[in-house]
1. Could you look through segment 108-128, keep only residues that are in contact (Cβ under 8 Å) with a residue 24 or more places away in the chain and over 15 Å from the mean Cα position of the chain (by Cα), and pick out the one that is least open to solvent (accessible area, probe 1.4 Å)?
2. With respect to residue 93, is the statement that it is aromatic (Phe, Trp, Tyr) and more than 16 Å from residue 115 (Cβ to Cβ) true?
3. Just to be sure I understand, how many residues within segment 203-213 are open to solvent by less than 40 Å² (accessible area, probe 1.4 Å) and at pLDDT below 95?
4. Would you check which residues across segment 163-188 are open to solvent by less than 30 Å² (accessible area, probe 1.4 Å) and either of a type in the set (Phe, Trp, Tyr) or without any contact (Cβ under 8 Å) to a residue 12 or more places away in the chain (or both) and list them?
5. When you scan segment 58-71, how many residues do you find that are open to solvent by less than 30 Å² (accessible area, probe 1.4 Å) and either at pLDDT below 95 or out of contact with any Leu (no Cβ under 9 Å at 6 or more places or on another chain) (or both)?
6. Name every residue in segment 11-25 that is in a helix (DSSP H, G or I) and modelled with pLDDT under 90, in order of residue number.
7. Among what's in segment 134-162 and is open to solvent by less than 50 Å² (accessible area, probe 1.4 Å) and in a loop (DSSP other than H, G, I, E, B), pick the residue that is modelled with the highest pLDDT.
8. Of everything in segment 33-60, what is small (Gly, Ala, Ser) and under 12 Å from residue 109 (Cβ atoms)? Give them in sequence order.
Amino acid sequence: MFGRIAHRYDLANRVLSGGIDIYWRFRLVGAVRRTSPTDVLDLATGSGDVAFALSRGLPPAVHTLGMDFCAPMLVEAEAKKAALTPVPLNLEFRQGDALSLPFRDGAFDAVTIAFGLRNMADRAKCLSEMRRILRPGGHAFILEFSQPWAWVRPFYNFHLRHITPAVAGALTGDKAAYEYLGDSISTFPGRAALSGEIRSAGCASVTAEAMTMGVVALHVARRD
């Protein structure tokens, strides 16, 4: 599904979010920067928006690796990287499975995933793998859709069910992909429930910060 929409994925994201996705990534990068990592893994990197934001927002010595299961998305990411002047030397992309990461235990100071946890076939396994590849004292950052404030929910659900598929279908030619998006968001756990899942995976000191009327949340967890 993501392979089918890869060529118009960035455009659809900008239009559907009204550009506020840029602000969400800004907040994510700021949270990562405050932990002073030396190397960062960005899972479900897609076309690389978060990975590029990390490479720009962190010190040049910090290495960022963007990883995704979907090869067409990585083709888009590599094309965007090649178009930059100068080409960032602290950023690379690689294909891989977030449910079976090809890294030793404790390989990274930080791991990020933005709007990708919902799409994992086994969310608990993904969270466990994220913890495994973190060094003690390292941090996991999960930026994901959440359950909005109660008074917003009826309007938000209408948008997800009717407006989003229609607009995105016109932009990408794949309405079904964005019908899936609405379904996956409406059934995803809220902040408290997801925090519990992160703790169950073995992370500690879990915080959750709501943004944009609760539509999105940034979870930060520390590995002891």
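The values are calculated or read from the model by the stated rules, or taken from the named source; none is laboratory data. Given the structure is predicted, the values throughout are model-derived calculations rather than measurements. In this analysis, Cβ positions are derived from the backbone assuming ideal geometry, glycine residues included, and neighbour counts consider all displayed protein chains. Just so you know, the surface numbers come from the protein's heavy atoms only, side chains and all, with ligands and any DNA or RNA stripped out. Shrake-Rupley method; radii C 1.70, N 1.55, O 1.52, S 1.80 Å.
1. In this case the residue turns out to be 108.
2. In short, yes.
3. From segment 203-213, those open to solvent by less than 40 Å² (accessible area, probe 1.4 Å) are 203-204, 206, 211; that's our starting set.
Filter once more, keeping what is at pLDDT below 95: 203-204.
Residues that pass the stated criteria total 2.
4. First pass over segment 163-188, keeping only residues open to solvent by less than 30 Å² (accessible area, probe 1.4 Å): 164-165, 168-169, 172, 174, 177-178, 182, 184-185, 188.
Answer for segment 163-188, where residues must be open to solvent by less than 30 Å² (accessible area, probe 1.4 Å) and either of a type in the set (Phe, Trp, Tyr) or without any contact (Cβ under 8 Å) to a residue 12 or more places away in the chain (or both): 169, 178, 188.
5. Looking only at segment 58-71, we keep the residues that are open to solvent by less than 30 Å² (accessible area, probe 1.4 Å), and these are 58, 62, 64-68, 70.
Then drop every residue that is not either at pLDDT below 95 or out of contact with any Leu (no Cβ under 9 Å at 6 or more places or on another chain) (or both), which leaves 58, 70.
Looking only at that region, the number is 2.
6. Of everything in segment 11-25, those that are in a helix (DSSP H, G or I) and modelled with pLDDT under 90 turn out to be 11, 12, 13, 14, 15, 16, 17.
7. Of all residues in segment 134-162, those open to solvent by less than 50 Å² (accessible area, probe 1.4 Å) come to 134, 137-148, 152, 156, 160.
Still in the list and also in a loop (DSSP other than H, G, I, E, B): 146-148, 152.
Working: 146: 95, 147: 91, 148: 92, 152: 92.
Among those that are open to solvent by less than 50 Å² (accessible area, probe 1.4 Å) and in a loop (DSSP other than H, G, I, E, B), it is 146.
8. Of all residues in segment 33-60, those small (Gly, Ala, Ser) come to 36, 44, 46-48, 51, 53, 55, 57.
Scanning segment 33-60 gives a single hit, 36.
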